[in-house]
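Remarks on the structure that follows.
The values are calculated or read from the model by the stated rules, or taken from the named source; none is laboratory data. Keep in mind that what you see is a predicted model, and the values were worked out from it rather than measured. Here the Cβ positions follow ideal geometry from the backbone for every residue, glycine too, while neighbour counts run over all protein chains shown. Surface accessibility is based on the protein's heavy atoms, side chains included, excluding ligands, DNA and RNA. Shrake-Rupley method; radii C 1.70, N 1.55, O 1.52, S 1.80 Å.
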Amino acid sequence: MYRFLFSRQWVILTLLVLLLVPAMIELGFWQLHRHEHRVAQNKLISDNLKAEPLAIGEITSPGHSVPRADYWRRVSATGTYDTAHEVVVRRRTSADDQVGYHVLTPLVLKDGDAVLVNRGWVPFGADQKTYPKVPAAPKGEVTVTGRLKADETEAGSGIKDLGGLPPRHIMLVNSAQQAKALGRPVLGGYIEQTEPAPGPKPELVPAPDADSIGPHMAYAVQWWLFTAAVPVGWVILVRRELRDRAQAARTGDGDRAEPATASA
């Protein structure tokens, strides 16, 4: 009665089912892991944004690579802006997705080291080859509070730094690169300024989203529902084939019966 399962058509269909089921189970777990990663990251962001600011020297130093556990950690730094070495970071978006620049200004600390401060976003100027109009940084000693960010790299950011940029334009925020330009030690990572507010421009970089968990859990459930549906569908097709063959046998037309999978 089930000899038809050994036909070429049914062997291929059964093998396809056997391949789809574990693949969809794995895809479901992949989405689950992405959900768990997003939840853990949201907790890290929330905890670090709520923490009391640490003095920048307590959490980083020249050559230091900021670990993930310290991303977005609130820090403060006191020093004097070195506006002569201020640069703009190209292809950065504002809160409303307008493309422009981030303004990166070194802050020289009392011990002579510097820390890079992202003072915020400004729009393009007349063209992308000239230095844009940037509101001047405060003069004299200032205290800046913000979120600690890790140095950007091509591998981590996906941004290619091909060189050949106009003067004082950069693609990546990297403390080691800027240390060469400044001729002084620069603390690893950089500060994304939150206080004091600089006025209408530069526009402060928005805080990262610590609430949205994305659709990954829904996708995981969806894949697992598909996993259950595939073998159920296979059983339905087998039963339909058996029914059609039985009906064909009763009418004496068994040799000419079309398999159910052909019409399905």
| remark: Only helices counted: for the chain, with every DSSP H run of 4 or more residues adding -39500 (n - 2.57) and the sum spread over all residues, [θ] at 222 nm is -12000 deg cm²/dmol
| remark: Per its Cα gyration tensor (rounded if a/c is under 1.5, else prolate when a/b beats b/c, else oblate), the stretch 1-119 is best filed as prolate
| Considering the dipole of the stretch 108-264 built from charges on the beta carbon (Lys and Arg +1, Asp and Glu -1) around the Cα centre, which of LEU172, GLY120, PRO132 is farthest to its positive end? | PRO132
| How high is the relative contact order of the chain, given as a whole-number percent (alpha carbon pairs under 8 Å, six or more residues apart)? | 24
| request: May I ask for the net charge around GLY28, where only other residues with Cβ less than 15 Å from the Cβ of GLY28 are counted and Lys, Arg are +1 while Asp, Glu are -1? | output: -1
| Accessible area in square angstrom per residue, the stretch 79-150, 1.4 angstrom probe | 46
| note | Share of accessible surface on carbon and sulfur in the chain, whole %, 1.4 Å probe and ligands ignored, is 58
| query | Using Cα pairs under 8 angstrom and six or more residues apart, how large is the relative contact order of the stretch 149-208, in percent? | reply | 31
| note | Taking a ≥ b ≥ c as the square roots of the Cα gyration tensor eigenvalues, with a/c under 1.5 meaning rounded and otherwise prolate when a/b beats b/c or oblate if not, the stretch 105-208 comes out rounded
| query | Taking Rh as the Kirkwood radius computed over C-alpha pairs, what is the Stokes-Einstein D of the stretch 151-222 at 25 °C in a medium of viscosity 0.890 mPa s, expressed in µm² per second? | reply | 154
| query | Under unit Cβ charges (Lys, Arg +1; Asp, Glu -1), what dipole magnitude, rounded to 20 debye, does the chain have relative to its Cα centre? | reply | 640
| request: State the Cα centre-to-centre distance between the stretch 78-97 and the stretch 153-231 in whole Å. | output: 14
| query | Any idea what the relative contact order of the stretch 5-108 is, in percent, if you count C-alpha pairs under 8 Å spaced at least 6 apart? | reply | 18
| task | Quick one: give the max-minus-min coordinate of the C-alpha atoms of the chain along each principal axis, largest first, in Å. | result | 101, 41, 32
| Say R0 is 25 Å: what FRET efficiency, to the nearest 0.05, do PHE6 and ALA229 get from their beta-carbon distance? | 0.50
| request: Would you please name the trypsin sites (Lys or Arg not before Pro) within the stretch 153-197 that are DSSP coil residues with at most 12 other C-beta atoms within 10 Å of their C-beta? | output: LYS160
